[in-house]
Each structure stands twice: as structure tokens, then as C-alpha cells.
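Below: the structure, in C-alpha cells.
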Amino acid sequence: MCSTVADKVYTIVDRFRDTPGSLIPILHAIQEEYGYLSRDVQAMVASELGISPAKVHGVVSFYSFFTEQAKGEHEIGVCMGTACYVRGAADVLEAFQNQLHIRAGETTSDQRFTIGMTRCIGACGLAPVVTINDDVYGRLAPDRVPELIEKYRRQ
Amino acid sequence: MYRAHVLVCAGAGCVSSRSRDVRDELVKILGERDISEEVRVIETGCIGTCDLGPVMIVYPEGVFYQKLGLGDVAQIVDEHLIRGRVVERLLYRAPLTEIVTEKMRDLEFFRRQYRIALRNTGVIDPESIEEYIARDGYMALGTVLDGMTPDQVIQEITASGLRGRGGGGFPTGRKWDFAAQAPVGQKYVVCNADEGDPGAFMDRSIIEGDPHSIIEAMAIAGYAIGADQGYVYVRAEYPLAVERFQLALQQAREYGFLGSAILGTDFHFDLDVRVGAGAFVCGEETALLNSIEGNRGEPRPRPPFPAVAGLWGRPTIINNVETYANVPPIIQHGAKWFSKIGTEASRGTKVFAMAGNINNTGLVEVPMGTTLRELIYDIGGGIPGNKRFKAAQTGGPSGGCLTEDHLDTPMDYDTLLELGSMMGSGGLIVMDEDTCMVDIARFFLDFTRDESCGKCNPCRIGTTRMLSILERLVSGEGQQGDIEELEDLAVFIQETSLCGLGQSAPNPVLSTLKNFRSEYEAHIRERRCPAGHCRALISYTIVAETCIGCGICARHCPSNAIVGERRNPYSIVTELCTKCGVCLQECPVQAIQKR
Ligand SMILES: Cc1cc2nc3c(=O)[nH]c(=O)nc-3n(C[C@H](O)[C@H](O)[C@H](O)COP(=O)(O)O)c2cc1C
Ligand code: FES
């Protein structure tokens, strides 16, 4: 593990050391920085906090927000909450999958796009809703998907 | 002094409709016209009319502009703000009657509301503590610290009849009393902002739109039970809520509403935010406590209840965001005032998040006991596209559905339970005639199966088995006896699961079976989906006599499954057809048939 990563992890752990129940805030902060939580990073956190790696891994695997794999450059999240489902989210998901030739949960081979299914993001009034990175798109009809992907491909 | 105030909604719905760009454009144009000093632009939390966004309200008149594009902003500035003429083109026009409404307060959507929990949401700038204070914010905390004993506070909350808005409807005063009775020592106050019901967004809107109301209420709760520390547990999907709340905490500390010696008394109280990490079960109170402690969010057996042994084993109260939002007004106006609103057993108001197949999607707060019909038709504006209302799901994945027969029943805790549904958090998903109830049941079971924490077998294995039966039904492979097996499994899971997630997971199946049994039977016996939704059970054909040979369907078909020559009838190659239904939408002469 390269030492700059280790230093960053130590800095983050130190920042939360006195916080009660610090493990989850630490994992959030590391994932925010690196996009995912590798096994190495998990082991470092465990030894820093003096808990077992199994405990850290148990927490990482329990929560769907934590991921052990690097994501693509653009992260597409198709909301699969009830409001979005009733308004046709499954068709929107299918359009993304067909367009990018990957399934939900996968990343394109050029590492540019990852498709994910999200839980309700609270924009139900404009269902179906899709997030791409930090942008939110409401009332997204499947036929707008190609143009949207093109927009991010060019970025 | 400003001569006009313009509120721009920055709720989640409006942001996804690009309200931020509209606000930036407004600020820019006000600058260009050199009237930035005269007109104040305020970004508010969710106003509630999500479907009409981006929206803008111009005060002092209270004119409501909707569905704004960037190009509309200059006209509002030049016509309304400079010449004082309302821009009629941008006002709300009712879909059926074409009646135009100018003022926000005259809109049917707002006229029927009674806003207590949402009193400030969409009205104030949530990033300004001064605006909260200007609307009597922190007065209730002052009243409490200035002369009420903890016991009197609890009595007032009990007398108001306030019940928990997060699901179960447990009397809030009683819960506080349990924790207050626990021996003196470290105690905690927790706010449940996990908002797990997919389709509900009131907690998000309150935290984003009026964060100080939650801080004030939690401080009051801390005083009442003798706690000096609180936690707000917010779901990870709500980053803006976390940001807003943290800012509000900082301001509250600066103003002396949090920290030590609050308002010059010897009461200490402080708050921290904890962010969830994507697990529905963490909305369950004991799982939530495990998660705050940094563990896997698995539920704990109850008893002991959190009021006795909660966070780190200490007495803890957990309430929902909306529950807390009701507390300051109750203290301020008195239990008597509050208990006059609503029904006998369900006092006060309830916020509903209306979504799905309904014209006015959004957030509304109405007295308890308001009927489903008033919500869907009078406030919600009915079903889009002149479709028929079929069902409304309340209580999310733990709840059930209400049908046409239930339109006139009052929405309160006990009536909903009697009907096999539940209030839940107030998510109200409206479904029209094209929705397949078997598939909706499959959707909810897929959700609960996925979210089952796996700790107890009935929930983990039982939901998996129910789901596989439902998947069979929607893919046209249902068998005789499937319905009965679903019913048996449902009872077994309800009776033997460890926590509320499992105990309530079968509800959507039982409730759709009760109300729409014939749809299940049609899937099994006739291999037919009456709503025309389940793809395995429908097919598309082109009626040659009606087809004019324009070729529009073939051009739009994403899987090139339509063949033919211009000016001759086209046809669909069944093997290639993915049944997406695009052709049906695009055909100008309705020559496509779905069966
Ligand atoms: C599976 C499950 C999920 C829950 N999710 C939530 C939730 O997201 N938000 C919430 O406030 N309560 C939720 N609850 C209810 C809480 O356990 C608890 O009753 C509630 O937070 C108490 O607050 P109240 O009395 O103010 O409603 C959930 C319960 C269960 C069983
Ligand atoms: S269900 Fe998709 S945003 Fe709520």
C-alpha cells in the first residue's frame, strides 16, 4: 500500500478517533476520498481502531452504500423506489443497460460508466428519477437516455 | 428594506427540475437591471408542489409562478418586479377547468392544508437562524427552560395526544415518560431521519427546509427526560439534509440554543449527526442504535426497550423527524389547541408525500382523518391521462393498499390498520388502472428480501420463498396452489420474525390478495395480466386493417422488431419484440394492439 494512501487513512482515523461509534463515519470519509473501500484499507482501519478486520468487513458488507470495488468515472443511479417504479423506472433502467451493454451493478470496460440502482432519493414528486454523479434528472423518459449518456461521454 | 421578496424553491424535486439555474438567472438579471438592493431572493426548502417546479413566489403579493424555464425569468423581473404587472402566462392553470390562479394561498393544493410540522418549510431560508427566530423559533425552548418542570413538559406532550409519525403511532408523551422515569445518569435523545419508505420524502423536506425546528424539539426532549446528548440519524441518500443540518447546529451553538448553559440556565445539551449507509432495517429503532454505535445495523430483541436500555445501554428515546417538528408548536400553543385538530384517537395533522400516478405530486399536510378522496382528488388533482384510480399504497413496503372502496374512509392510524394497511411514514403512492397489483407485491417483496438483514431465518428464507413464487406469477409460470402457499408463508413470517421488518414484510402480499385476488387468479389460471403490465403475459400485434403503413413504429422500435414496407401494413416479429410498448405510444392511428 502506497504511503500517501496510508497517511490519508491515518489522518481520517485520527479525525474521528474521539467520536463515539467512529467506524461508520471513518468508512464514509475514506470512501468519499477514494470511491471504494479496498481490503487493504479495511485492514488498516481495523488495526488503527484495535478491532478485528472481520468486524470492519462485517460492517462494510452489511451496508449497501459501502463498496469494495472501484466505480466508473460516471456513476448512474436509477432510483428503484416505489414512486419511481410505478412511473416506469424499470424501463429507464433497461434503456441504460441496453445503451451501455452492461447490467445494473456493472462498470463498462473502459471504466467510464457504472450503472447502479438506488433506493429512494426523496425526489419522488418527479419520478422516475436518475442521478448521474451529483446531478439529478427528474421525469426521465427512456428515450432521453442516449442523449444523456452522450452528454457525459463528452465530458 | 426590500420592496419585494422572491422565494425560489430548492427542494429535491425542484432542484432536479433545474431550480438552481433559475435562481442564478434571477440573481443575474436583478443585477443587470440594477435592482439587487430592492429585491431579496430567498432559497427555501420544499414548497410541496413538486410537479410544478421550478416554482417562484413573489411577495408581498404572494403570486405563484410555476414550471419556470430560464427564459421566463427576465419577463418576471421586467414585468412583475419592475412594472408591477403579473405575468399571466406563468401562473398555475388547472388541468381540466383551465382556471388560472394567481396567489399561492388561493391554490386548491394549499387551501386545504393545515401546516404544523411544515409551518416553516418552503417559507423561510433554512440556512438562516434569524428567519427561524423571526417566526417564533426557539420560543418554545425558552418557555420550557423559563418555568416548566420536565414533568410538566411531558404532561403537555401527553395531553396533546401526539403519536409517533414514523410508523407505529406510539404516544410520544408516554415514551418520554418511560425514559424520564429511568434512573438519573447518561441518557440520549435520537431523531430517526432514516426515511426508509421509498416514496416518502417529508423527513428530508423538513430537515432541509426547517432544520432548527428539529434542534429545538430535541433540546426540549433532552430537558424533559434528562439527556444532555442527542443524535440525528440521516440516510446516506440525503447529503443536502446532512449539510443543512450541520450548518444549523453550528448556528444554534453560536446563538446559545445548544451547548452548555442554554439560555443562561444550567441545562446542557448538544447534538451530532450520524449518516446511515444504505440499509432499510436501520430505520427500525434498535437496528438504528446499533448503527450509531458503529456496528452492523441488526435489530436487537425487545424488551428491553430503548427507553430502558438504548444507545450504549443507556435510556434513550427515538422519535421520527415529523414527530419532533410538532413539539415546539404544541408547547407554544398548548396541548388543548393541538388536540382539537384531527380525530379522537389521532390528534393533529399528518404530512403525506403523494407520488406515483397522480397529477399534483408533492408534499401536503392535512388534519388526521382527511379522506383518501380529498387527498387524491381535491388536493392531488386526480389521476393523469383520465385514467382510473386503482389503488394507493400507504405504509410503504410494510403497509398495504387502499382501493376505490376506501376512498371515503378517514386517514388515521386505527382506520388504516383495520383495513390491513398502516399509516407508516405517510408515503402515499397512487396507482392507476395500468398497474399490476401482483407485480407491485413482487416489487415490495423484492425490496424486503433485499433489505432483510439475515439475522433471523423466517425473514431471510421466508421472503426469498415468497419472492420466488411472485416472480413465477409475473413471468407466466404460476401454478395451482401458489396463492395458498403465499398465504401460509405470510402468516409464518409474520408470527416468527425477530423485528418489524419481517413481521410486516408479507403485508403488501396479503393486502393485494385481499383486494385484488382475481388478478392473482388470472395470472395463474388464464396466464393473463389484467392490467396489461407483465411482459411475459402480453403481446403486441399490428391490426393490418387500421395500419396506414407510415412506418413510424418501425423507426421507433428499439429492437428492430417491426418489419414492412411503406404504404403497406407493417407487422411485429414476436421473437424480437421486447414488449417495451414504444410502438403503441408512437402509432398515430392506434393500429397497435396490446393483449
Ligand atoms: C423495518 C422498519 C423500518 C422503519 N423505518 C423507519 C424510518 O425510516 N423512519 C422512522 O421514523 N421510523 C421507522 N421505523 C419505526 C421506528 O422503529 C420507530 O418506531 C420510530 O422511529 C419511532 O418514532 P415515532 O414514535 O416518533 O414514530 C421503522 C420500523 C421498522 C420495523
Ligand atoms: S421513489 Fe424515486 S425518488 Fe423517491
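Sites listed here are GluC sites (Glu not before Pro) in the range B:26-122 whose DSSP assignment is loop and whose Cβ has at most 14 other Cβ atoms within 10 Å: B:Glu37, B:Glu38, B:Glu61, B:Glu98. Taking a span of 18 Å or more along the helix axis (Cα atoms) and a mean Kyte-Doolittle hydropathy of at least 0.5 as the rule, the DSSP H helices of chain B that qualify are B:211-225. Taking Cβ atoms as reference points and 10 Å as the exclusive limit, the residues near B:Val144 contribute a net charge of -3, counting Lys and Arg as +1 and Asp and Glu as -1. Shown here is the pair-distance distribution of chain B: with all Cα-Cα distances grouped in 10 Å bins from zero up to the longest one, the shares run 3, 15, 23, 24, 19, 10, 4, 1, 0 percent.
Per residue, chain B reaches -10500 deg cm²/dmol at 222 nm when only DSSP H runs of four or more residues are counted, each adding -39500 (n - 2.57). Short to long, the 10 Å bins of the Cα pair-distance histogram for the range B:475-522 hold 25, 49, 23, 3 percent of all pairs.
Could you report the buried accessible area between A and B, both sides summed, computed with a 1.4 Å probe and given in Å² to the nearest 100? Please list the in-between numbers first.
Values: alone 9070 and 24640 Å², together 30130 Å².
Using a 1.4 Å probe on protein heavy atoms, the buried area is about 3600 Å².
Count charges around B:Ser468 for me, please; just the other residues with Cβ under 12 Å from its Cβ, Lys/Arg as +1, Asp/Glu as -1. Display every interim value, and only then the final one.
On the way: positive: B:Arg442, B:Arg449, B:Arg465, B:Arg472; negative: B:Asp446, B:Glu471, B:Glu477, B:Asp482, B:Glu485.
Within the 12 Å Cβ shell, the charges total -1.
Here's the picture: charge each Lys and Arg Cβ at +1 and each Asp and Glu Cβ at -1 in the range B:504-587, and of B:Ala554, B:Ser511, B:Ser571 the one pushed furthest to the positive end of that dipole is B:Ser511. Stokes-Einstein diffusion for the range B:391-477 at 25 °C, viscosity 0.890 mPa s, with a Kirkwood radius from C-alpha pairs, works out to 175 µm²/s.
Counting each pair of different Cα atoms once, what's the Kirkwood radius of the range B:437-525 in Å, rounded to one decimal? All intermediate terms of the calculation are to be shown ahead of the outcome.
On the way: mean 1/r = 0.0793 Å⁻¹.
Every distinct Cα pair counted, the radius reaches 12.6 Å.
Keeping the other protein chains in place, figure out the carbon and sulfur percent of the accessible area of the range B:6-163, with a 1.4 Å probe. Let's see the in-between values first.
Numbers: 3190 of 6730 Å².
Carbon and sulfur together cover 47 percent of it.
At the listed q of 0.20, 0.24, 0.26, 0.31 Å⁻¹, the Debye profile of the range B:515-567, built from one uniform point per Cα, gives log10 I(q)/I(0) equal to -0.77, -0.89, -0.98, -1.20. Compute the accessible area of each residue in the range A:123-154 twice, once for its chain alone and once with every protein chain present, using a 1.4 Å probe on heavy atoms, and list those whose area falls by at least 10 Å². Flagged in the range A:123-154: A:Ala123, A:Cys124, A:Gly125, A:Leu126, A:Val136, A:Tyr137, A:Gly138, A:Arg139. Would you grab the residues whose amide H sits under 5 Å from the one on B:Thr44? Only those 5+ places off in sequence or on another chain, please, with H modelled 1.01 Å from N. Sorted by chain and number, the residues that satisfy this are B:Val8, B:Cys9, B:Ala10. Under 18 Å of direct C-alpha separation, and excluding same-chain neighbours fewer than eight residues apart, B:Lys175 reaches these aspartates and glutamates: B:Asp151, B:Glu156, B:Asp228, B:Glu284, B:Glu285, B:Glu322.
If contacts are Cα pairs under 8 angstrom and at least 6 residues apart, what is the relative contact order of chain B in percent?
Numbers: 1233 pairs, mean separation 66.4, N = 595.
Here the relative contact order equals 11 percent.
Taking Cα pairs under 8 Å and at least six residues apart, what relative contact order does the range B:172-258 come out at, in percent?
On the way: 87 pairs, mean separation 33.8, N = 87.
It comes to 39 percent, rounded to a whole number.
Our Cα-only numbers for chain A put the radius of gyration and Dmax at 17.9, 52 Å.
Please state the shape class of the range B:8-129: rounded when a/c is under 1.5, otherwise prolate if a/b exceeds b/c and oblate if not, all from the C-alpha gyration tensor.
Details: a/c = 1.58, a/b = 1.18, b/c = 1.34.
Oblate shape, in that a/c is at least 1.5 and b/c is the bigger or equal ratio.
Answer rounded, prolate or oblate for the range A:74-153, using the Cα gyration tensor with square roots of eigenvalues a ≥ b ≥ c: rounded when a/c is under 1.5, else prolate when a/b is larger than b/c, else oblate. It is prolate, given that a/c is not under 1.5 and a/b is the larger ratio.
Can you give the accessible area per residue of chain B, in Å², using a 1.4 Å probe?
On the way: 22950 Å² over 595 residues.
The answer is 39 Å² per residue.
Projected over all directions and averaged, the alpha-carbon convex hull of the range B:539-594 occupies 3.1 nm². Please label the shape of the range A:3-62 as rounded, prolate or oblate, based on the square roots a ≥ b ≥ c of the eigenvalues of the alpha-carbon gyration tensor (a/c under 1.5 means rounded; beyond that, a/b larger than b/c means prolate, else oblate). In terms of gyration-tensor shape, rounded.
When the P(r) is computed for the protein assembly as shown, the part past 49 Å accounts for 16% of the Cα-Cα pairs.
Using just its DSSP H runs of length 4 or more, each adding -39500 (n - 2.57), chain A gives a mean residue ellipticity at 222 nm of -14500 deg cm²/dmol after division by all residues.
Residues with beta-carbon under 13 Å from that of B:Asp488, excluding B:Asp488: net charge, scoring Lys, Arg +1 and Asp, Glu -1? With Lys, Arg at +1 and Asp, Glu at -1, the neighbours total -4. Listed by chain and number, the aspartates and glutamates whose C-alpha is less than 19 Å from the C-alpha of B:Lys594, apart from same-chain residues fewer than 8 away, are A:Asp91, B:Asp432, B:Glu433, B:Asp434, B:Asp439, B:Glu519, B:Glu526, B:Glu545, B:Glu575, B:Glu586. Bridgeable aspartates and glutamates around A:Lys151 (alpha carbons under 15 Å apart, same-chain partners fewer than 8 residues away excluded): A:Glu73, A:Glu75, A:Asp134, A:Asp135, A:Asp143.
The trypsin sites (Lys or Arg not before Pro) of the range B:319-371 that meet both conditions, a loop assignment by DSSP and at most 13 other Cβ atoms within 10 Å of the site Cβ, are B:Lys340.
The values are calculated or read from the model by the stated rules, or taken from the named source; none is laboratory data. Because the structure is a prediction, the values reported are computed rather than measured. Please note: Cβ atoms are built from the backbone with ideal geometry, for glycine as well, and neighbour counts cover all protein chains shown. Quick note on the areas: whole protein, heavy atoms, side chains included, nothing else; ligands and nucleic acids left out. Shrake-Rupley method; radii C 1.70, N 1.55, O 1.52, S 1.80 Å.
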